[in-house]
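Where a number appears in this text, it was derived from the coordinates with a stated rule and is not lab data. Owing to the predicted nature of the structure, the values given are computational and were not obtained by experimental measurement. Cβ placement follows ideal geometry from the backbone for every residue including glycine, while neighbour counts extend to all protein chains displayed.
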Amino acid sequence: MQVEIVGGLSVRATEDLLASTGLQGHAIEDERVEREPVLATIAAIVGITGTSLTVAEKVYAWYKKWRAPQPHTPIEPGVQRVLIASRDGRRLFLEDATIEDLRKIIEENRSYADSSS
């Protein structure tokens, strides 16, 4: 599973995603998508810690936090778009996603992450 985060604060948002939601992985800065001042990062998810519902709720809260205007920065919002791409090619834009949508895609990808570790 991969998470693409687009926005001027995408690097910090990706670091926060991996530190606070139960998703484990690493971030890759995608220079191909760089457009002043927009930047994209991709988080390659290799593990999931916690129940799928708990992780989904944390990801949902993380998204709401980073979509809001960020204090002490001229860049608003911190991220413009977040896309989760599952291993089977399914895509989920967080803008329209519910917690249940997130839970389903996390659950589907949990078995793959658990079996590959």
Practice task
Give the order of Ser52, Ser10 when sorted by the count of other beta carbons within 10 angstrom, beginning with the fewest.
Solution key: Ser52, Ser10
Practice task
Can you put Glu4, Glu100, Glu15, Glu57 in order of Cβ neighbours within 10 angstrom, beginning with the fewest?
Solution key: Glu100, Glu15, Glu57, Glu4
